[in-house]
Amino acid sequence: MNMLSSEPIRTPTGSHFPSDIKMLGTPTLKTVKGTLKQREHEPSQAWQLGWWDLEPLASNRKPPLQWTSSSTILSAHPTDPQVVCLHFPSNQQFSIPSPPQITSSPTSYEPPTTIISSARDNWMFAYFPGVDCDGVGCIWRKGPQIDNWIVKEWWTFPRGAGVVSARWLQSDREWVTSDAGVPTRLPMLGPPLPLINPVLIVVTESHLCNIYYIHPQTDSIKMLGTSLRCKSTSKDGDERHSGEPTEGPRGLGRCARAAIGFGYDESSIIIATQSIFLPGSGPTAVPGTAVDMSISISMPPTSPEPTVTAEWTSWSAENTIELCEVTISVHGNLLNLSTNPMHPLRGYPSTTSILTDLVFVPTLPATHQLPSTPTMIHRNVTPMSSPAISNAHVTQSPGRPAQRTPMAMKGSPPKMGLEKGKGNICLLHLICASLDVSSYSGKPKSELTLFSLIRAATATRNEVTKPKQIWLHKRHSSHNFPSNVITYLRPCQPSNSPQMFGTLVGLLNSEGPIRKAKDGNHLEVGEFTMLKLPDLQVDETWESSKMVVNFGSEGVHIPFGFSVSPNHSLIASVSSSSMMPFATTTTVIHNHPSKVSFIHDGGALKSRKQYAASLGVAVQKRANPSDILRSLTAPSVSIQVVEEVLMAVMHEGELNNNGIMPPNMSPVTYDILGMAIDVYKLKASHSKRQEEKKDCEARSSVGHDICSMVYCNRAWEDCTEGEGYDLDAIWHLLGVSGWTIELLEKILKETVLFSSESLLLDGLNPTSNKEPSSGPGSQSNPAKRADNAAGDPFGTPDPLETELKRAATSDTYYNLLHLIHPFPLECLINLTRHVARLRLWLTMITAKSEKAQMAKEMLLDIVDSSGINLEVVVKSLMEARADVKSHSDRAPDIARRCLASLKPHAIHRPMLKKTSVALSNAVDKSRLFFKPEDLLDNMEGLSISPIDMLGRQNRDVITKRYLSASRGSSFSALADL
C-alpha cells in the first residue's frame, strides 16, 4: 500500500528560490554496490542519515504541527510569524490572523514554535519568539466558519522566559473502541474543573507554570503563575511571578524541555522538565598577558579580581529530570494554583546522551496494577531543603545546591510502608527518548526509557489518621534502537483493554533505498511502530506503517514534526524549515499502524470491522471522519465493503440509542448519511470507470436530497405561526417550495417509469402477479425473499433486480429510496404537506400588501405549472407509510442496507408497485415530462449554474438558490457544520 498521499499538501513560503539549491543537512547519496547491469525494479541509489540531519531533534527545534478534530492541520509558516491551516482532504489553505503586535512589525518575530488547539477545536494558542525583543503568546477563539478565528487576547513573554510546552485541560471523556469493537468512554483525563471553556497550561523557560482560563462571568482571561522549583501557591490578584532563571558558577539555567501529564481520575498534574546551561552575563576572565598602558611600566601589574571562567563544554543540558506536582483548586468563580516539587530523576540522560523527547502516558486505574516496588519517594525539595554536597556524577542546575536521595541523607525521614493492594496504582508513565552521541563516527542510535509514577498511601500507626498520599517513581524498563533514531513519541489510542495500551514511536532509519516512481522519487526514511507498556517491546498485535517522503533536487525532507489524525487513522508530517529554508514545505500524509484484531477472521472481514469500529467512535465523539473515509475511498475498497461498514456503524448506533429515539430518527442516522455522501462523492471523483462514477454520483445525490429535506423541514417549523406562516420569510419559503416541487418531479418521473416497466414485466411474466403464500419458507418472509433476491444460479432472476442493475448507469431508480425507507419517506411527507398547506393558506388570506400578493401568484404558478396534485401525493404517501414501517420492522437489516447504499433493494418491488400506481394518478404526465423550456432550442448554454455529471444544476443547501461557478468553489463559504 502506498503510504504517501497522492496529492501532497504544500504550504506557502512567500518567495521561491531555484530548486537546485542544496542546503546544509541534505543527506548524502551513494551508489549501491552490485552488478553493472541493474534491473528496473532495483534501486540505483541509497540514502544515508547523517549526524547533521538531526540538528532540529537535538536542539529541540522540531516544527509544531497539530491535526484538529475538525480535520484542519495547523502548522507554522516557514519564514513568517503566521499559523498556516490546511483543510483535509480538500487541501484548502488559509492563514489565521496574527495579533496586532505582530502585524505591526512582522520582521521582529519568528515563526511560531508552539501551536496547540483544544480538544473541541474551539480555542487555539500559539507562541511567537521575538527577534531581539519579547515573545508574543496569543489565544484565538473559533468563529462560526472553519476558517474564521478571532484573536481573544495576546500578551508578551520576556526574553529568557519563552514558552517551552503548553497543553489544554478540558473536562471531557474520550471515546475509544474496546477489543469487541464496541465504542466506550474512558474516565475523565486530568483534574475536573467546573468551567465551560478549557484551561491552558504553559511551562516557560524560567521554570514557571502559568494557567490561563476564561472567567465565567466577565468572559475575560485570567492568569496565574507559580514556580516549579519551590513549593508555592498563586491565587487571583497576586503579583505575577518573575520566574527562576538562576545564574550560577556554570552559567544561566533555563528550562529546555517539558512535558505536562494528566492522569485518569487524578486531581494532580505532573510536569517534567529538563534544564540547560547557557553563558552567564557576568564578566569573563582577564588574560594574564594583558597590560594596562596607562600605568607606569616600573610598577608591578596588579592581580585581576578572581572571576569564574565559563567553559563552553559546561554549557550543556543537565542529566537530571525535575518533577513537580501541580494542583488546581476552585474557590467560587476563581482558580488557585499550587506547586509541590517532587524528587527528581537523577542520572538521566547519561553524560553521553542527549534528551530528545519527553512524553507522559496515562494508565487506566481499573486495568493496571502497581509495578515493582519503587525506590524514590516524593518529598518537598527546595533549594534550601538540603545542604550542599559534592556530587560529581550528577550535573545539576546552576545556583542550586546538590541534593541527595533520601537514603543517602543523615537523619533519613520516617519509613513509609506501602499497604499491599490498597491505594497503590500506577497513574502515569514517563517515557524519555535520548540520542547517543558517544561516537560521531558510527551510526546514530537512540534509547527509550520508561519511568513509572505511582500515587501510594503510606501506612500510619494511628488507625484514626488517614493515610497520606505520596508520589513514588521508579525506572522500569528501557529499549535500545541500535540502527534507528526516535523522532516521534505519542500515546496510542487508549482502550479499556490492557492489550491496546502502548505508545506510538516514529523511527528514522540509518539508510534506505530510493524508489523511482511516476510521480517522483519516493524514499522510505523510517517507520511507525507500536510499543507495549511498560516493557517497551514491539507490540505484535499492531502492524507497522512506513514513513515515506518525497525526494527532489533539493534533497530529502526529513520529517521532524508529526501529528496523528483525530480518529487515529493517518499521520501528518512536516520537515524542519531550518534545514532547507529555501525549499517548499510539504505536508505528507502517512498511514497509522493498524490494530490486528479479530485474528480468526479473514482479511476482508477484519478490515470491515476495523473501519466500522473507527467510524463508530468518530460518531460518538463528534469528530470529523475524513481521515477514515479517505481509506474507504481507496480503489482497493469495493462498494460492497463500504455498504457493510456503514451498515455496521448504523446498527451499533441503534443499539447504543437505548430506545430513546426511533432507530430511523436517531442522530446517528444523520451522521451515517453524511459519511455515505462523502464516501460516494469521493469515490465518484476518484473512479476511472464511467459506470461506477455515475453510480456513486447518483447515490451521493440521493443522500444530499435526504439531508436537504431534514433541514428544510426544520426551516418550515421555525417559520410556522399558528395556522399560517411568517410573511417576513415568505421569499425563503418560496425558494424551498420550488426545490420541493423539483424533488417531487424527479421522484414522480421515476415512479411513472417504474410503474410502466413493472406492467410490461408483469405481462411478460404472468406468474409474478400471483399473491405469495404466507408460509415460513414463502416469498412473504423478508429474510427468505432477501436471500432469493440475491440471485439463484439455477433459478429465474428477479426482474426488478435485473432492471436495477441495468439502471446503475442511468440513475433510473435511485430516487425511489424516498418511498421505501421510513426515514426519507417521513421527511418527504412533512415537506410536501408544508408546501400544500402554504398554498392553501395563501389562497385563503386576503392580500394586505404587494409582497403577499406577489408571493401568492408565484407559488400558485410554481405548483400549478408542475402538474402535481399535492393533496393526492400526500394521501398516497401516508397510505404507504404503514406498509413501509411494517416492512422495516420485519427486516431491519434490509432497511439499513438501503440507507447505507442510498439505493432501493430488489425486495421492495411489490411495495413499490402499489405505491407507484397510486402516485401515477396524482400527476399530469404530459406536464411532468415536457417542460416549456424543453421545447425551445439553444437554451442549454444559457445556464450560469455549474452542471454536474448527471446534468443537474447545483443549489445552495440552505436557501436552495442556484449557485454560480465562482460561489460554488469559494472556500470562504466552507462552514464547520
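Read-outs: derived from the displayed coordinates by stated rules, not from any lab. Everything numeric here is computed off the predicted structure, so don't read it as measured data. Note that we place each Cβ from the backbone using ideal geometry, even for glycine, and neighbour counts take in every protein chain shown.
Values as computed for the structure displayed
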item: Förster radius 56 Å - calculated FRET efficiency between Ser171 and Leu860, Cβ distance, rounded to 0.05; result: 0.50
item: Among the listed pairs Lys142/Lys235; Lys609/Lys914; Lys546/Lys903; Lys746/Lys885; Lys688/Lys913; Lys532/Lys621, those beyond 31 Å (Cα-Cα); result: Lys609/Lys914; Lys546/Lys903; Lys688/Lys913
item: Ranked by how many other beta carbons lie within 10 Å on average, peptides 54-67, 325-338, 692-705 from highest; result: 692-705, 54-67, 325-338
item: Around Asp726: net Lys/Arg minus Asp/Glu count, Cβ-Cβ under 13 Å; result: -4
item: Ranked packing of 543-551, 563-571, most packed first, by mean Cβ within 10 Å; result: 563-571, 543-551
item: Asn91-Ser108 pseudo-label distance in nm [points 7 Å out on the Cα-to-Cβ vector]; result: 3.9 nm
item: Segment Gln853-Thr720, length gained on full extension (0.36 nm per residue, minus Cα span); result: 46.0 nm
item: Sorted peptide list for 826-837, 726-737, criterion being average Cβ within 10 angstrom, highest first; result: 826-837, 726-737
item: Computed E for Ser438/Gln48 - FRET, C-beta separation, R0 25 angstrom, nearest 0.05; result: 0.80
item: Charge context of Met650, other residues only, Cβ under 14 angstrom, K/R +1, D/E -1; result: -3
item: Where labels lie 7 Å past Cα in the beta-carbon direction, separation of Glu543 and Thr156 in nm; result: 5.5 nm
item: Net charge of Cβ neighbours under 14 Å - reference Leu877; Lys, Arg +1; Asp, Glu -1; result: +1
item: ³J(HN,Hα) computed for each position of segment 614-628 - Karplus, 6.51 cos²θ - 1.76 cosθ + 1.60, integer Hz, glycine/proline x; result: 5, 5, x, 5, 4, 5, 5, 8, 6, 9, 5, x, 4, 5, 6
item: At 1.567 mPa s and 4 °C, Stokes D of segment 605-711 from Kirkwood alpha-carbon radius, µm² per second; result: 91 µm²/s
item: Rg and Dmax of segment 56-177, Cα atoms only, in Å; result: 14.6, 49
